[in-house]
1. What nm distance separates the two modelled labels at A:Ser163 and A:Arg28, each placed 7 Å from Cα along Cα→Cβ?
2. How much of the calculated P(r) for chain A lies past 29 Å, in percent of all Cα pairs?
3. Rounded to the nearest 100 Å², what is the sum over both chains of accessible area buried where B meets A, with a probe of 1.4 Å?
4. Working from Cα positions, state the angle (0 to 90°, nearest 10) between the long axis of helix A:114-127 and the longest principal axis of chain A.
5. Using only alpha carbons, build the gyration tensor for the stretch B:121-231 and give me the equivalent ellipsoid semi-axes, biggest first, whole Å.
6. Where only protein heavy atoms count, and the probe is 1.4 Å, what is the accessible area per residue for the stretch A:1-63 in Å²?
7. Would you be so kind as to identify which of A:His92, A:Gly159, A:Gly144 lies farthest towards the positive end of the dipole of chain A, taking Lys and Arg as +1 and Asp and Glu as -1 on Cβ and the Cα centre as origin?
8. Roughly how far apart, in whole Å, are the Cα centres of the stretch A:20-89 and the stretch B:127-147?
Amino acid sequence: MSGETTLVDLLLATGGGDRAAYADLYARTSAKLFGIILRILPERSMAEDAMQDAYVKIWRNAAGYDASRGSPITWMATIARNVAIDQHRRAHPAGRQRDESIELDTMVDGNAGPSAEALTALQTCLGRLDADQRKLVVAAYLHGESREELAERLGHPMGTIKSWLHRSLARLKACLNG
Amino acid sequence: MADDPAMIAGEYVLGTLDAAEHRAFARSLMTDPSAVALVADWQQRLAPLLLTVPEVAAPAALWARIDAATRPANDNQPVWRWQVATAAAALVAVVTGGLALRPRPASQAPIVVQAPESGFAQQIAALSSEGGSPALLVTYDAGSGRMRVVPVNVSPKPGHSLELWVIAGKAAPKSIGLLPKEGAAALSHLKVDLALDTTIAVSVEPIGGSPTGSPTGPVVYSGKMIALSKS
């Protein structure tokens, strides 16, 4: 039995109000979501607040999960990312300078399961971008960097960053669609 | 030269639009189904990347906070729960006559038979797209604070969540949570002021619902609540 099926059961049970299933769901997914949130909100107290908001959203909306649209962990991870990006933008509307260097190539293998194929395709297509283009996409998506923050860190005007982003996105789209 | 809409949608999902562009694009999601589809495509393309981020153990104290925050005593927000609402289905059949309901999938959940609440005001709404036939039927019982939702013809929106809103009188829309995917569902602890004209609406939102507390996506179904019976 794959781990993905079990998470579906837990998420559905959570949608039915099952507190034990919710606790189990949290135990199995919290490290994944905390890692995702910390990449966007490295300040621990903010990351913990975002974790709380994300899991409260998951509790309230578990009945809205649709298995035909993706794996439970992807659904939950997207909620966590949206919460983290929203809090990051509100806390730093003008952007902020990162202190730590971004380990853009530190990635682990995704879990096996329904998402594995999609992830492999994405990683293949990311691999076909120039290193700078790949880092740009990863910095925005996984680190939550705004155009302003990217411009400041890379030392280029925002207009340049925008056209680089568009070029990278266009290539990704063509690669994934083709 | 105008930007390629697919690129704007991509930047929206990446989070790299500036505040003004983000607002403008979020507004366009309310009226432009193609923009909604572009966002869904980008979310599906990029989301697998989230699975590559290394895990970090959450602090042990965090669960206690989350557990406390979601306990019914502390959480006053209406919460969706699965329910086989046979009474709601019966009510729907009475009101809509020969409307054919989609067959519900077989469920292992125990069947909860609810006797129709009596003696309190009940309201019903049929939610549809403009000019369309009903997609959802909603009943509300003021005495119990319980709202039941029966989907009859809801189009799925890939890569998005469908969020329900109550619009009471002239107030701003208030979220009552995400629409479950299959079958009837019920919502408890809902307070709706029956003295006001109330509309129930469904909007298309990012996965997990609107991040802002207001609709950010197009309203696909809506309907006014009308009184069914009064005590």
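The values are calculated or read from the model by the stated rules, or taken from the named source; none is laboratory data. From a predicted model like this one, the values you see are computed outputs, not experimental measurements. Here the Cβ is made from the backbone with ideal geometry for all residues, glycine too, and neighbour counts use every protein chain on show. Ligands, DNA and RNA are excluded from the accessible area calculation, which covers all protein heavy atoms including side chains. Shrake-Rupley method; radii C 1.70, N 1.55, O 1.52, S 1.80 Å.
1. Result: 4.9 nm between the two label points.
2. Details: 4311 of 15753 pairs.
Tail of P(r) above 29 Å: 27 percent of Cα pairs.
3. Values: alone 13760 and 10330 Å², together 18090 Å².
The contact between A and B buries close to 6000 Å².
4. That helix lies at roughly 10 degrees to the long axis.
5. Values: eigenvalues 93, 45, 34 Å².
Here the semi-axes work out to 22, 15, 13 Å.
6. Working: 2120 Å² over 63 residues.
With the other protein chains kept in place, the stretch A:1-63 gives 34 Å² per residue.
7. A:Gly159
8. Each part reduced to its Cα centre gives a spacing of 30 Å.
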